[in-house]
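Scroll down for the structure; my scribbles are underneath it.
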Amino acid sequence: MRIAVMGTGGVGGGFGAALAKAGADVTFIARGTHLAAMQRDGLRVMGGRGETHVLPTKATDDPASIGTVDLVMFCVKLWDVESAGEAIRPLVGPATAVLPLQNGIDASERLIPILGAKAVMGGVAQISATIDAPGVIRQTGTFMRLAFGELDGSISSRGKAFLEWCQRAGFDATLSDRILTELWLKFIILATNSGMTALTRRPLGELRDDPDIAPYFRTGFEEVISLARAMGIWLPDDVLERSMKFTMGAPAGMRASMAVDLIRGNRIELPWLSGKVVALGRTLGVSTPTHAMINAALKPYAMGAPKD
């Protein structure tokens, strides 16, 4: 299978490296010193699952140089969805699958006007990983899961083929006929956990164990669950308990990617996370006070560290 990874950060680098080591034909799209390091020294993923070193690494900053592929793992930040979607047009042939693995819930619908409904699938990535140094991805913990599927709920041959490669690569993978549910199950947890770890600049373990802070995880989850149900998204009856269990069992040192970006002074994905919760709440008449607080407090940092 020919795979292109658009955006080689924690998600694209982590999953892409595992697929490359399993034998898939993977080309990574990156830029700057990160690209130069991969081309020179290969891509290295380090952390709780041990070390994966892809050497040599096929990497470029020019998607057009790759040609059409079977699947694009689309892993750019949320503010780059439209521009990166335009950039990957040369990769997309009649049968190509484009698998958005962004945070949030709307990347697929933003890509469809650019690439067409036939190309775009839905996807969910669950991994705690970030760029540690040029050419090096650092993973926290061992959890590593992909869920993906066609937006119309069908089970396609391209989905089955990619599932086989994921299984060879050794991480948890699900080919789902309810990918919208999968997207919301992640969004419930991520919108809240990213907001809380970014707001406090502290790792998850410190927050969930603090009796004054821990209740905000529950109220944050409840607000997003209410939104999903107001939109007609099917969720399991025990979704709140599942969300709490995941958060309590996650690595204590985990910080969501938005928290990492904030600490580094970078732009953050707030408008598509707590900001999206607040906007949908206003539209649907659903109260979202926890996310309104998170959104208001982080809003001055949305475009990066304020200039004093």
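Values in this text are rule-based calculations from the coordinates and carry no lab data. Not measured: the values here are computed from a predicted model. A quick note on method: Cβ atoms are made from the backbone with ideal geometry, for glycine too, and the neighbour counts reach across all protein chains shown.
Before moving on, here are some points about what is shown:
- Under a 5 Å amide H cut-off, with hydrogens placed 1.01 Å from N, residue 98 pairs with 72, 120, 121 among residues at least 5 apart or on other chains.
- Helical segments meeting 20 Å axial Cα length and Kyte-Doolittle 0.0 threshold in the chain (DSSP H): 179-200, 215-230
- A straight Cα-to-Cα reach below 19 Å connects residue 118 with the lysines 160, residues fewer than 8 places away in its own chain not being considered.
- Judged by the mean number of other Cβ atoms found within 10 Å, the most tightly packed of the peptides 212-225, 256-269, 15-28 leads the ranking 15-28, 256-269, 212-225.
- With contacts taken as Cα pairs under 8 Å and at least 6 residues apart, segment 181-301 reaches a relative contact order of 37 percent.
- Stokes-Einstein D for segment 123-181, Kirkwood Rh over Cα pairs, 20 °C, 1.002 mPa s (µm²/s): 169
- Note on residue 109 and residue 234: the model spin-label points, each 7 Å out from Cα along the C-beta direction, lie 2.0 nm apart.
- Cross-link reach is defined here as a Cα-Cα straight distance under 20 Å, omitting same-chain residues fewer than 8 places apart; for residue 276 the lysines meeting it are 77, 186, 299.
- Dividing the radius of gyration of the alpha carbons in the chain by their Kirkwood radius gives 0.95 for Rg/Rh.
- Pair residue 308, residue 68: separation of 7 Å Cα→Cβ label points (nm): 5.5
- Relative frequency of Cα-Cα separations exceeding 21 Å in segment 2-177, percent: 42
- Stokes-Einstein D for segment 181-301, Kirkwood Rh over Cα pairs, 10 °C, 1.306 mPa s (µm²/s): 112
- Segment 1-103 - convex hull of alpha carbons, volume per residue in Å³: 97
- Note: relative contact order over segment 2-177, using C-alpha pairs below 8 Å and six or more positions apart, is 24 percent.
- Segment 80-219: proportion of alpha-carbon pairs further apart than 27 angstrom, %: 31
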